[in-house]
Amino acid sequence: MVEKSTKRRKPSALPSILSLAAVMFILGLLGITVIGFKGLGEYAIENSSIDIYFSDSVTEAQAIEFQNNMNRKPWVKSTRFVTREQGMKEMGDKYDPDFMNYVETITLPLSVEVYSKAEFAEPKFQEQVVKELKKNPQIEDVLFQKNWLETISKNIQKMQIVYMILALLFIIISIVLIQSAVRLGIFANRHTIKSMQFVGATNSFIIRPIILTFFQYAIIAIPISFGLIWFIIWQLPDFMPNGEWSTMMFEFRNHIQIQKLFIVSVSIAIFGVLLATICSWWSTRKFLRTKIENLY
């Protein structure tokens, strides 16, 4: 009679790899979401202009010279000079004919639209700039969208707080998840590890291959997690029907800065590898101090 083999199967690496991939996927998606919405917010802020209207006595040459001086300001991203004819045409495209019949009876002033950099687009700074500009005798009036700018700034601040809380929550979840995966792997090899202790193997000798194993799991999990993120952010919108949701996804994707994306990707990859290494080291050391009767 042939005896059945009692050889114990090697524990599967798939749960550990998937756990690490899930952690990096969640954190990566959160990081890219922060980058995308921050880019959208900065784009909206930078497209909010300070509209400067000149007195009727100011010539086009003087207005252009003023525009060139504004372009040299460190907080100015760009400017746009609007002639009287351009102003009439833009108002004609925007308003109905009855209103334009009234406008044609008056003369539109020359104007310059000033667009500030995102880091300078704070309501208090903009108000200070407007006060300084109004002191110029060549300027008739200065307008900027204060309420809209305050709303955008407050929303960005709220989003940053929410994302910080979510990031902290996901980091805690990721630590628990990876530790669970590490413990499962150690539990599957518990008899082998204890047998090594009995024959005199040192803790460092036992821990080293386990750390190396989970380090390899983390390396394998990196392309899996980033592949899923790439599909969701850059491929999924192409399969969505045209609509408000797909338009928002395209806008979100277009405002993800490559440099920041690279920094976030590298940071999350390093975090995943370090987390897997530290958790495997800590869990194994804790297990090695466990009494033999607790194995059963």
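Structure summary
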| read-out | value |
| --- | --- |
| Of residues in region 188-212 being of a type in the set (A, V, I, L, M, F, W, C) and without any contact (Cβ under 8 Å) to a residue 60 or more places away in the chain, the one nearest to L29 (Cα to Cα) | L212 |
| Of the criteria (1) more than 19 Å from I193 (Cα to Cα); (2) surrounded by 14 or more Cβ atoms within 10 Å (Cβ to Cβ); (3) at pLDDT 75 or above, which one T284 fails | (1) |
| Hits in region 181-196 (condition: at pLDDT 75 or above and surrounded by 14 or more Cβ atoms within 10 Å (Cβ to Cβ)) | I193, M196 |
| Flag if V2 is modelled with pLDDT under 80 and surrounded by 10 or more Cβ atoms within 10 Å (Cβ to Cβ) | no |
| Residues satisfying the stated conditions in region 30-75, i.e. among the hydrophobic types (A, V, I, L, M, F, W, C) and under 18 Å from the mean Cα position of the chain (by Cα) | L30, I32, V34, I35, F37, L40, A44, I45 |
| Number of positions in region 110-127 that are aromatic (F, W, Y) and surrounded by 15 or more Cβ atoms within 10 Å (Cβ to Cβ) | 2 |
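So that you can scan it fast, the table gives a plain yes or no per residue for (1) β-branched (V, I, T); (2) in contact with a Ser or Thr (Cβ under 8 Å, 6 or more places away or on another chain); (3) modelled with pLDDT of 75 or more:
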residue: R9; (1), (2), (3): no, no, no
residue: V58; (1), (2), (3): yes, no, yes
residue: P74; (1), (2), (3): no, no, yes
residue: S78; (1), (2), (3): no, no, yes
residue: V82; (1), (2), (3): yes, yes, yes
residue: Q86; (1), (2), (3): no, no, yes
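The values are calculated or read from the model by the stated rules, or taken from the named source; none is laboratory data. Nothing here was measured: the structure is a model prediction, and the numbers come from that model. Virtual Cβ from ideal backbone geometry, glycine too; neighbours counted across all protein chains shown.
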